[in-house]
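Taking it in order: structure first as structure tokens, then the write-up.
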Amino acid sequence: MLANRVAEKEAFRRTGPRHDPQIFHHSFVADPMSVRQALRAALARFLRQLSEDEAGTLELILAEVLNNIVEHGYGDGLPGTITLSIVRDRRGLSCSVSDDGVVLPASALLNPADPAQSRPDPASLPEGGFGWCLIRDLAEDLGYHREGNHNLLAFRIPLVAPLPTAAP
Amino acid sequence: MNLFAEARNGALVVQVDEARLDAANAIRFKDQMRDIIAQPAQRVILDMSVIGFLDSSGLGAVVSVMKMLAPERQLDLAGLTPNVQKVFHLTRMDTVFRIHASVSDALAVGMRDAG
């Protein structure tokens, strides 16, 4: 029985990458607890392909993006839906997030030549304004598109490990 | 929100017994901390060793606790896990907090200063 389990585990370890999920898609209600659940689900989906540091980065970027939509996109307890899609590709995790909230202010995406201009000064003991700085620091190829009443935000999270290839 | 406070060596040590300090519980954290720090203690040490995930809302809440105590009283942080440390580093808020590897380290520093 135990030997069987060990053999199964070994077989899974060898052929595992072939079955590693490459796509995550999830729509959920825009509230803090649903964001937590979405983060947990997204992380669980890709955990085997990520280092501990990469998993932390993925969770942080997604948390900032999603909670920003909950607090500012919809805000004031207005009901709304968020759709999160993540695709594993050659260069990392390609993420897209869509919602029907208010337009994202252009300042969120600006990355001025002097990055210090756009980030809160620690000495002033800021209690907010960190979110977009973290997103811009950690995400690549950040892009935003407004289409009708929809917001679409796309970005990439770089990963060190190569894309797992199918076992022969 | 589980917070445990105890007086140790003249400092008030508050352990955050939560896996996350984020948008979902940051306000509750602030409110409970406001009650806890009503106790007189010159120095408050926040034990963050259980927190595996902190986002910008959680960071903002920790900053606001520091401001509740200032300028007469001091907030020290202890036991930051790697993910939490990363947020403090990226935002450079690690430059405004006294951060210790553990609560016992924080208490040892306090004893040295007192002596």
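Using a 10 Å cut-off on Cβ to Cβ distances, tally the other chain neighbours for every residue of A:127-136 and report the average as a whole number.
Working: counts 13, 6, 3, 11, 7, 1, 4, 7, 1, 0.
Partner-chain Cβ atoms within 10 Å, mean over residues of A:127-136: 5.
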Pairwise FRET efficiency - B:Thr95 versus B:Arg8, Cβ, R0 = 35 Å, nearest 0.05
0.85
Using a 10 Å cut-off on Cβ to Cβ distances, tally the other chain neighbours for every residue of B:51-58 and report the average as a whole number.
6
Rounded to the nearest 20 Debye, what is the dipole magnitude of the protein assembly as shown about its Cα centre when Lys and Arg each give +1 and Asp and Glu each give -1 at the C-beta?
720 debye
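Given that compact globular proteins tend to follow 2.2 N^0.38 Å, what is the ratio of the alpha-carbon Rg of the range B:3-109 to that value?
On the way: Rg = 12.4 Å, N = 107, 2.2 N^0.38 = 13.0 Å.
Ratio of Rg to 2.2 N^0.38 Å for the range B:3-109: 0.95.
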Sorted by chain and number, the residues with a modelled amide H under 5 Å from that of B:Ile45, at a separation of 5 or more or across chains, are B:Leu12, B:Val13, B:Val14, B:Asp76
Could you list the residues of the range A:22-52 with an amide nitrogen less than 11 Å from a label point located 7 Å from the Cα of A:Val87 in the Cα-to-C-beta direction?
A:23-24
Calculated P(r) tail over 36 Å for the protein assembly as shown, as whole % of Cα pairs:
25 percent
Averaged across A:49-57, how many Cβ atoms of other chains sit within 10 Å of each residue's Cβ atom?
2
Helical contribution to [θ] at 222 nm, DSSP H n ≥ 4, -39,500 (n - 2.57), averaged over chain B, rounded to 500
-12500 deg cm²/dmol
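Is there a quick way to get the dipole size of the range B:3-109? I mean about its Cα centre, with the Cβ of Lys and Arg at +1 and of Asp and Glu at -1; what is the value in debye to the nearest 20?
240 debye
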Chain B accessible area per residue, 1.4 Å probe, protein heavy atoms, integer Å², reads 44 Å²
Could you list, bin by bin from short to long, the percent of Cα-Cα pairs of the range A:22-158 in 5 Å steps?
2, 9, 20, 23, 21, 14, 8, 2, 0
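The values are calculated or read from the model by the stated rules, or taken from the named source; none is laboratory data. Computed from a predicted structure; not experimentally measured. A quick note on method: Cβ atoms are made from the backbone with ideal geometry, for glycine too, and the neighbour counts reach across all protein chains shown. These area figures cover heavy atoms from the full protein model, side chains too; ligands, DNA and RNA do not enter into them. Shrake-Rupley method; radii C 1.70, N 1.55, O 1.52, S 1.80 Å.
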